[in-house]
Amino acid sequence: MADRMLVEPDVDFINTVMRQGGEDLKKCYQCATCSVVCELSSTDGVFPRKEMVMAQWGMKDKLIADPNVWLCHQCNDCSKHCPRGARPGDVLAGIRSYVYENFGVPSFMGKLLGSPKALPGLLIGITAMFFILLYAIHGSSFGFDIQNLRDVGYAEFLPHIWAEGLFVTGNVIIFMFAAVGFLRFWGRMKESNGGQAPGMIGSIISVLPDVISHARFNQCGENKPRYIAHMLVLFGFVGAMITAGLAVFFTAFVPIVESPIAPFNPIKILGVSSGIALIVGTWIMISRRNSQTDAVGANGYSDKIFLYMISLVSVTGMLTFLIRLTNISVLGHVIYLIHLVFVFYLLWFMPYSKFAHMIYRLLGMAFAKGNSGSNGKAS
Ligand code: SF4
Ligand code: SF4
């Protein structure tokens, strides 16, 4: 006789998954059509049907340590064919949201980031007030007078070295917090796998080509247009980070005389191209999410905030650059302040937001591949 297992549903987990896009979870009646259509399902696995029943039963501990959840790229082939409209692709996305909201430390930050009520307080109350305070300190220390600004020299408002110092030190601290969450996640997958885990570094290296090329996106039949948008956002983001890193390097170590109109500066060309890629990529994603929900999937709260934040960072960054060329001083400084608030909101709250999702996905894919030596199928 098979062993009996006592299931203790985690209601908070079920509610979070439903709030983050999996609201039709309970409609599933276990027909397994989704496992038939999913490219990731193998002959010895029943993905994502198994995950659907575990989610209905609130089996949080199993699901947050399940690397297969991270193999899914929400193509929604399964959701299209589900006879009950249970939308398994969106349920899996909700489970992933629960993971990055709960593994980061301190864990209450994940809950705050996942709550619409906390957005004005976190964004305006912390990030914006911080920069307004810095501006005030700088103004009183250096005799800064907004009435007498003659051109758009952003360093007059906030010295570049201050902004870049904050960028570097903030990133170091935030990445330390984030790393704790990533290691906890790897540890949970290992524990759930009977204490066995593949080598982390080797497994990560083995999946990097898949991640960079977004190979799985092209395997999904229902959602191919997402491929271009994701590539634009990925490479736009990498370009923006390289631009910021080079700017810090030149400001700190190789002081150069800067002209407000230096359009042929290669760092600026990289920054502007990255900004355009981000604006176009996020615009495609937002417009498809708003007009083609069936193909794209549900709009979980964290997804929406992340997309709008990336979009706002790109647009305000581009405006900051363009307004500088026109020399409309006060407007330029206001837009620059707004840009800084959005940039640092994204960075400071990275470990608990959809931003961290990229690293959790990389780890989940690496664990699945390293553990099974697999062909990319869910076990
Ligand atoms: S999610 Fe839909 S297709 Fe999959 S088992 Fe449930 S009812 Fe069937
Ligand atoms: S969304 Fe696509 S990859 Fe994910 S479970 Fe459904 S069919 Fe499979």
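The values are calculated or read from the model by the stated rules, or taken from the named source; none is laboratory data. Not measured: the values here are computed from a predicted model. Ideal geometry is used to build each Cβ from the backbone, glycine not excepted, and the neighbour counts take in all protein chains shown. In case anyone asks, the SASA skips ligands and DNA or RNA and just uses the protein heavy atoms, side chains included. Shrake-Rupley method; radii C 1.70, N 1.55, O 1.52, S 1.80 Å.
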Putting +1 on Lys and Arg Cβ atoms and -1 on Asp and Glu Cβ atoms, find which of 106, 85, 69 reaches farthest to the positive end of the dipole of segment 1-138. 85
Going through 60/369; 60/190; 26/304; 50/117; 26/190; 26/60 one by one, the pairs whose alpha carbons sit over 27 Å apart turn out to be 50/117; 26/190
Testing the spin-label approximation: label points 7 Å from Cα along Cα→Cβ at residue 57 and residue 276. State their distance in nm. 5.4
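Given +1 on the Cβ of Lys and Arg, -1 on the Cβ of Asp and Glu, and no further charges, what dipole in debye does segment 25-138 carry about its Cα centre, rounded to the nearest 20?
The dipole magnitude comes to about 400 debye.
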Please give me the summed charge of the neighbours of residue 55: other residues whose Cβ is under 15 Å from its Cβ, Lys and Arg +1, Asp and Glu -1. +1
Length-normalised contact order of segment 11-103 in % [C-alpha pairs under 8 Å, at least 6 apart]: 41
Assuming R0 = 41 Å, can you tell me the calculated FRET efficiency for the pair residue 7 and residue 304, based on Cβ-Cβ distance, to the nearest 0.05? 0.80
Stretched fully, the stretch from residue 230 through residue 80 gains (0.36 nm per residue minus C-alpha distance, one decimal, in nm) 51.9 nm
So, in nm, how far is label residue 111 from label residue 210 when the simple model puts each one 7 Å beyond its Cα toward the Cβ? 3.5
Taking every other residue with Cβ under 15 Å from the Cβ of residue 309 and scoring Lys and Arg +1, Asp and Glu -1, one gets +2
Once the piece of chain linking residue 29 and residue 180 is laid out straight, how much longer is it, given 0.36 nm per residue of separation minus the C-alpha distance between them? 50.6 nm
Residue separation between residue 291 and residue 242 times 0.36 nm, minus their alpha-carbon distance, gives in nm 14.3 nm
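How much net charge surrounds residue 318 when only other residues with a Cβ under 12 Å from its Cβ are counted (Lys, Arg +1; Asp, Glu -1)? Please report the intermediate quantities before stating the final value.
Numbers: positive: 268, 324; negative: none.
Local charge sum for residue 318: +2.
Tally up the carbon and sulfur contribution to the accessible surface of segment 76-135 as a whole percent, 1.4 Å probe, everything protein left in place.
That fraction is 74 percent.
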